[in-house]
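One structure is given here, and the rest of the page talks about it.
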Amino acid sequence: MTSVETRPVLRVERICKKLGGKQILNEVSFELRKGELKVLIGPSGGGKSTLLQCINFLIPPDSGRIWLKDQEIHIHRKRDLYAYRQKVGMIFQDFNLFDHLNALENVAIALRKVKKMAKREALERALQELNRVGIGDKAALYPAQLSGGQKQRVSIARALAMDPEVMLLDEPTSALDPELIGEVLTVIRNLAQDGMTMILATHQIGFIRGLADEILFMQEGQIIEQGIPLDLLTAGKSSRTQSFCSKLHELSGEQEL
Amino acid sequence: MEADFILQELMPALNRGLLKTLLLILPSASIGLCVGVLVGTARVYGHPLLKKLGDGYAGLFRGTPLVIQLFVLYFGLPNLGIYLEPYNAAVLGFILCTGAYQSEYVRGALLSIRRGQLLATQALGFSTLQAMIWIMVPQALRRALPGCGNEIIYLIKYSSLAYIITFIELTGEGKILATRYFRFTEVFLAIGFYYLVMVTLADFGLKKLEKRLYIPGFGKG
């Protein structure tokens, strides 16, 4: 938020994706500048998750173009694709930790095997990242021994260790018990304040209000509204975003975080 | 006397056979397991063509009796100009057969691992091969271990079929002795006991391995 450059870090242009005959993404475009946090909101099935997975080609888009800094990414150049994915951290709704590795090894494994770092160096770096998300003391525990919030923090540490240029967060708190959401949001808030470039899909409206640089409202595969939180979320504004968020408020009695 | 027969005839012959049996089992079990891991992984995550090949191989070797496979290798291949020593034919047959079964256990274990972990490896920049070697297969092996161990125990016993293609191992030695002295009951009881000891030791070793590889979240605590 503090150091917004003009050159976009990530540029996504006219992404389309059809799955099972249904148009999931319909010409979605947006840009992320360094240090920006953009938030994707909107009803389930609107294409948020598919968009995030298209950005790092976990789901290959049918058409559209993606640039990281000035380099366009081509899915068929495997080596470039692997290098690109290292620079784009992804946080999943259900954590996807490696079940046979403890917290420390979960963070270290990609450093060792993908970045070819020496074991000792990788483990040191991994511990730094676990400390950064506040769970250095859980380094020796396996995923089965961690709470949901702790697992999600390990997965954030795992992504951070790769020194990503951008992070994609796909509803990082949706699978968590309500009392565990706070610890993960705190980590994300700290990242935002440290200037990490991020795009976050979430339903935590209260949380994004003071943090997001821009809100992208997605519905039926398109960004149908976008703007700064103040414009879209202020009560009384007749935006689609505002009415969606009011509904969320009514349903959950959303707590401010 | 009875003791003379046991000490001077039966035990030396059976021990000689036991050694041969071990020479069959050790390479067959270890190489067969490797074949199973490779084929099982290819059948789940391989190129579509590789998948078909793997399915075909497993279908063929699980679908025909082992004796027939051994006959083809030992008596059939010479028709094509390929001559295998009895030992080589037996080990090759066992590897191919056990590999097919092991691939099935590995395949099942791989399918039981949540797909999300594969997505996570991709998102971190792993290649498919790296993801298999460091993430998927280590977990699959832990899940498959009880089944794979079971197959090794089967192998210990079906290694006795080697004597049919003239490789005289434990069962072969015993059968020769039993026929010569006409003492079927004692000899076959003794052979059964030898196999029981081998299987018990293997079972013990496998249980130990399971404990050593134990990780919270896999199997029982």
#### Entry: segment A:97-163, relative contact order in percent, only Cα pairs under 8 angstrom and at least six apart counted
46 percent
### Message
List the residue ranges in chain B for DSSP H helices whose C-alpha atoms run 24 angstrom or more along the long axis and whose Kyte-Doolittle average is -1.0 or above.
### Response
B:11-45, B:86-111, B:137-158, B:184-212
### Task
Bin all alpha-carbon pair distances of chain A at 10 Å intervals from 0 and give each bin's fraction as a whole percent.
7, 30, 36, 22, 5, 0
### Message
For the pair B:C34/A:S147, report the inter-label distance in nm, with labels modelled 7 Å from Cα in the Cβ direction.
### Response
4.7 nm
### Task
Send over a whole-number figure in Å² for the accessible area per residue of chain A, probe 1.4 Å.
43 Å²
### Task
Taking the convex hull of the Cα atoms, report for segment B:9-212 its projected area averaged over all directions, in nm².
13.3 nm²
### Query
Ignoring ligands, DNA and RNA, what percent of the accessible area of chain B is carbon or sulfur (1.4 Å)?
69 percent
### Query
Cα-Cα over 32 Å: which of A:K18/A:K87; B:K175/B:K211; A:K78/B:K208; A:K17/A:K69; A:K38/A:K119?
B:K175/B:K211; A:K78/B:K208; A:K38/A:K119
### Query
Roughly how many debye, to the nearest 20, is the charge dipole of segment A:90-207 about its Cα centre, given +1 on each Lys and Arg Cβ, -1 on each Asp and Glu Cβ, and no other charges?
540 debye
### Summary
Mean per-residue count of partner chain Cβ within 10 Å for A:90-102 equals 6
### Solvent-accessible area of A:I181 with every protein chain in place, 1.4 Å probe, in Å² to the nearest 10
20 Å²
### Query
How many Å² of accessible area per residue for chain B, probe 1.4 Å?
52 Å²
### Message
Could you report the accessible area of B:I31 in Å², rounded to 10, computed with a 1.4 Å probe on the protein chains as they sit in the structure?
### Response
80 Å²
### Task
Determine by what factor the alpha-carbon radius of gyration of segment A:130-257 differs from 2.2 N^0.38 Å, reporting the quotient.
1.14
### Task
Could you tell me the accessible area of A:S63 in Å² (1.4 Å probe, neighbours in place), rounded to the nearest ten?
50 Å²
### Query
For chain B, what's the relative contact order in percent, using C-alpha pairs closer than 8 Å and at least 6 residues apart?
29 percent
### Message
If I model a spin label as a point 7 Å beyond the Cα along the Cα-Cβ vector, how far apart are those points for B:L22 and B:L60 in nm?
### Response
3.4 nm
### Query
So, with a 1.4 angstrom probe, what is the percent of accessible area on segment A:97-163 that is carbon and sulfur?
45 percent
### Task
Could you state how much accessible area is buried at the A-B interface, both sides summed, with a 1.4 Å probe, in Å² to the nearest 100?
2100 Å²
### Task
Determine the order of A:W67, B:W134 by accessible area, beginning with the largest, at a probe radius of 1.4 Å.
B:W134, A:W67
### Message
I'm checking a number: the convex hull volume of the Cα atoms of segment A:97-163, normalised per residue, in Å³. What is it?
### Response
69 Å³
#### Entry: Averaged over B:125-131, number of beta-carbon atoms from partner chains that fall within 10 Å
5
#### Entry: Once the Cα gyration tensor of the protein assembly as shown is diagonalised, semi-axes √(5λ) in Å
60, 24, 18
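The values are calculated or read from the model by the stated rules, or taken from the named source; none is laboratory data. What you are looking at is a predicted structure, and each value in this text was computed from that prediction instead of being measured. A quick note on method: Cβ atoms are made from the backbone with ideal geometry, for glycine too, and the neighbour counts reach across all protein chains shown. We work out accessible area using only protein heavy atoms, side chains counted, and drop any ligands, DNA or RNA first. Shrake-Rupley method; radii C 1.70, N 1.55, O 1.52, S 1.80 Å.
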